[in-house]
């Protein structure tokens, strides 16, 4: 049944390509239906009606297997439907290119949903690949600025990362001795320690490229700056989380191997936070600031993962996985909202250069409020979702600290905390430069009208999600309550 | 009486001359002729082997029959090849191999 | 009864939400709604105080199996009840004052929305049961301050000031969070109850904590949060700039409540740990010294400022230094008592200055005022009461609280600190009376001052109420009932503290009268060391350079490096290498027929060799 969540956008995309109706209407209806259905699953996600398992290939045994593997899948699916809905309704499609625009958005959305709904490793990988080519087309054809270079860079970079990842995944499956590629079977098996180290390295590099882990991060900012708003929203909001989801999902089988790479990973994630943070401070354009900031925030989620690695298992550090999930959700929503609003600014004032903007709040107070909300969310203001995630990440870093000498992960957490100052610096500077101060020529009230009601609905939905999870994170944490499916499977397998 | 080796030697020599011609000569028709020379040397080899490989006191006529096939195929190949060369000449006004490089990468 | 604290906490938040979502267009209604909500919270607080009960309640905000969970709740004890009175009392009076002061503002609704948001956040800090909850509301208070300082954000100076305030506070929060995490590791809990249980047996910290060094470090890091919020040196630079906000905001946030939150938090924390445990480690000493140094620096800087609000801002910094010093001397009662009395008279002084600014048509330079004694008698009187309370003239509340701190310093044997505190008392009297003489006495020095007239009842009523509190809140009959952490104060006329404070007042008053009693401009202007005071010891400029080089240049360098090495060499390097290989192999496809033939021949030979002669 969960295949419906994927089929709706897929069929709608094909319908648009076949010219069965007005592209924008089909896309909006599909996205709304998906949103309603997706949010509806919250109430009954544990029922097995959502599961589907179809053997597609028998040697190796690959199944088209879908369902909510655990609470983390559910949260990511909710994120995907929310961002897809908003993405369809944001941005301005150039004249005459509706087919390409809307069908690409739907394909990308379907890819993201499929990846998070998959309970088979192969289709998990394949659905993500589905999203690569539409992204390439959208950035390359309908993007702005240096779009061709950005499109080539992101596609080839991510393709290279995917090849490394595929190698790692194939090695993992063959070393595990499992018959099928299903998560259940893989997580129930075990791999020899020597192989684990190599597999872990491939997984970290492969997934790392997809998450823009330092030093594989330089594709992200130019791509998001040139991409049309919906693509930037879905990619930064949803597709980037694919890598972290995969790492956490596959962690139990390679837990020993990952520990060999702990220090290396900690150095890289600190570079994500501090190095890329400083790069962001030096940016002079709003879209580059946001692109780099999305790279920076991935570092925090990695910090939770590093805490998990050091502890050795989900039970040893029960905070790490919920922290990562909440922060993934929060970051996805906030960055999607920010990209949407930046695109609005670009359309209204014709520029995203900070030097050319100023005093926009007078002409567009509602836009200023929403941007302020999203910006404050992304720097971790309490009451908004990102803080809930970040505070859990920091707590997970210190979870196993006993008051004596500081360990690797604790030192990393301390250094990572400077990131909250860095992010406040660039976000407040951007806000100050764009919205406050006296209005300048292209932002005066004669030229700019405020946010209309049609744009307010998607932005409002995202803002409300941020507030709900920020004011009451248990709304999201309740889904993560159940004991680890992997460990319960292992228990059942060993019985 | 010449031994098998002598015939093989001559045949090899003819093949080498043909190969050298294919590699070195610039005129397509000459290259074609050298190609034919190589085919002829192969035929000579076949006949030599058939003559010196005796089955019940008689030569192994399989080899000689095979030569007939080769000659036939060679004739067909020459027909097609010369037709291509004529068409090429009509298109490019040259049959100098060094000037025909439009398949360059 | 249990739900009253939730109501006090939630009502301002609902008000803020209602104003933002619905009432933005109806400005006067928003103002009224906000003021009513402040009034209701004040009434509820008085009810709670009169009952005098110690309550606690909470709900789980974040629960994860295997982890204790983060709770949001309230804990009412003497400390929080007294602090709540300060917050709601001063808050309500400021709301009333703002009704008149801000009535011509075009964004009145946004202003009151911000005030309500602030009341919500500050209440959260006061009622917090654990460090994480306190941190959340700590940051929310920072947000409210950002919004209110930047209320007139079309002005560049206001926008910059609000950004500076938020960022400086963030740096403090950085240290705060690390301290909380380390303390969590040491004690296994971040609730105040949990911490006090951990230290309940008392005794030397060595026996209780794994590492005394880490414990001291944790204390100092947590204090870093207080440094940011209460503007202790070197994180004090945001407070004077915060005067860009409307004056009632300065009265509420930057005088009475938000800046006091740091002191409040430290007291809460230290009470949970226990004074005996803290006695034997070196952390609190540093805190006391930071407080003293801030106090002295700020007092020196205040002697040469000309903007009435800036003088009061530096004075606030100085008094906060006193409170922090008291906390560092492990005498929380003294610190909280001074916080309590200071809230009333400092709010009075700020609101009084607001009245003066309003009457003089937004003139803030004291040298352009003068002669206000005749034109604004009520303001003159109340401001005078506030001034003598701040200076610690015997009989006022400020006298008792300052005495308490001086005695604390004397009793602990820290004579250096005592000396600094006494010197600061002298300086306080000096610059406050400088302000008072220049602004209120003499002849009007400008058009605006000539045409000043007394302010209306909405503004004078809060002034009078605060003046009464400034005098009487120090006495046992009042302070004893409502002040947080009150300890009955015994008055010793012959103690060094008493002698020092009387001397300080007398000397300061005398010097001030000599120099400023009757003068048209500042006689100390442009005189050597006084210039340094006027220029605030160039600390702001130093910070600007630090940020410019330490951060922005570093950021530019890292960006350059990122572009050159990672983007240029490695990423583009790969693509250039791939292109190069492609071109290299492309040379094989030369279009040369005979070249192909040669390769073909070589290939055939190779195959023959491999099949016939190998394997």
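Any read-out appearing in this document is the output of simple, stated calculations on the displayed coordinates, not a laboratory observation. This one's a predicted model, so the numbers in the text were calculated from it and none came from an experiment. Neighbour counts are summed over all protein chains in view; Cβ atoms, including those assigned to glycine, are modelled from backbone coordinates with ideal geometry.
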For the protein assembly as shown, how big is the tail of P(r) above 40 Å, as a whole percent of Cα pairs? 56
Please report the spacing between the Cα centers of segment C:171-203 and segment C:69-108 in Å, no decimals. 28
Enter the angle in degrees (range 0 to 90, nearest 10) between the Cα long axis of helix B:4-24 and the first principal axis of the Cα atoms of chain B, meaning the one along which they spread out most. 0
Along the Cα→Cβ direction, 7 angstrom out, place labels at residue A:99 and residue C:415. What is the inter-label distance in nm? 9.4
Kirkwood-Stokes translational diffusion coefficient of segment A:185-229, alpha-carbon pairs, 25 °C, 0.890 mPa s, µm²/s: 192
Between residue C:54 and residue C:103, the FRET efficiency computed from the C-beta separation at R0 = 41 Å comes out, to the nearest 0.05, as 0.50
Would you mind giving the mean number of other chain beta-carbons within 10 Å of the Cβ of each residue in C:136-145, as a whole number? 3
May I ask for the distance between the Cα centers of segment C:229-258 and segment C:453-499, given as a whole number of Å? 22
7 Å from Cα along Cα→Cβ at both residue A:478 and residue A:444: what's the point-to-point distance in nm? 5.3
Compute the whole-percent fraction of alpha carbon pairs in segment B:4-98 spaced more than 17 Å apart. 59
In a Gaussian network model over chain B where Cα atoms closer than 10 Å are linked, find which of B:67, B:24, B:78 has the largest mean-square fluctuation. B:24
Value of [θ]222 nm, deg cm²/dmol, for chain A, DSSP H segments ≥ 4, -39500 (n - 2.57) each, nearest 500: -22000 deg cm²/dmol
How much mean residue ellipticity at 222 nm does chain C get from its helices, if each DSSP H run of length 4 or more adds -39500 (n - 2.57) and you divide by all residues, to the nearest 500 deg cm²/dmol? -22500 deg cm²/dmol
Between residue A:411 and residue C:564, what FRET efficiency comes out of the Förster formula 1/(1 + (r/R0)^6) with R0 = 35 Å and r the beta carbon distance, rounded to 0.05? 0.75
Can you give the relative contact order of chain A as a percent, counting alpha carbon pairs under 8 Å and 6+ residues apart? 15
Counting every C-alpha pair in chain A, the percent lying more than 41 Å apart is 14
Chain B: relative contact order in percent, alpha carbon pairs under 8 Å with at least 6 residues between: 25
Against the longest alpha carbon principal axis of chain A, how many degrees, from 0 to 90 and to the nearest 10, is the axis of helix A:286-311 turned? 20
On a 0 to 90° scale, report how tilted helix C:27-51 is relative to the longest principal axis of chain C, with both axes built from alpha carbons and the result rounded to the nearest 10. 70
Distance (nanometres) between label positions extended 7 Å along Cα→Cβ at residue C:510 and residue A:141: 9.0
Less than 17 Å from a label point 7 Å out along the Cα-to-Cβ axis of residue A:179: which backbone N atoms in segment A:51-91 qualify, by residue? A:53-65
Would you mind computing the Rg to Rh ratio of segment A:296-495 from its alpha-carbon coordinates, Kirkwood style for Rh? 1.09
Contact order relative to length for chain C, counting C-alpha pairs under 8 Å separated by 6 or more residues, stands in percent at 12
Between the alpha-carbon centers of segment A:1-15 and segment A:371-423, tell me the distance in whole angstrom. 38
For q = 0.05, 0.07, 0.10 Å⁻¹, Debye-computed log10 I/I(0) when each Cα of chain C counts as one equal scatterer: -0.27, -0.46, -0.86
Residue C:492/residue C:361 FRET efficiency (R0 51 Å; Cβ-Cβ; nearest 0.05): 0.60
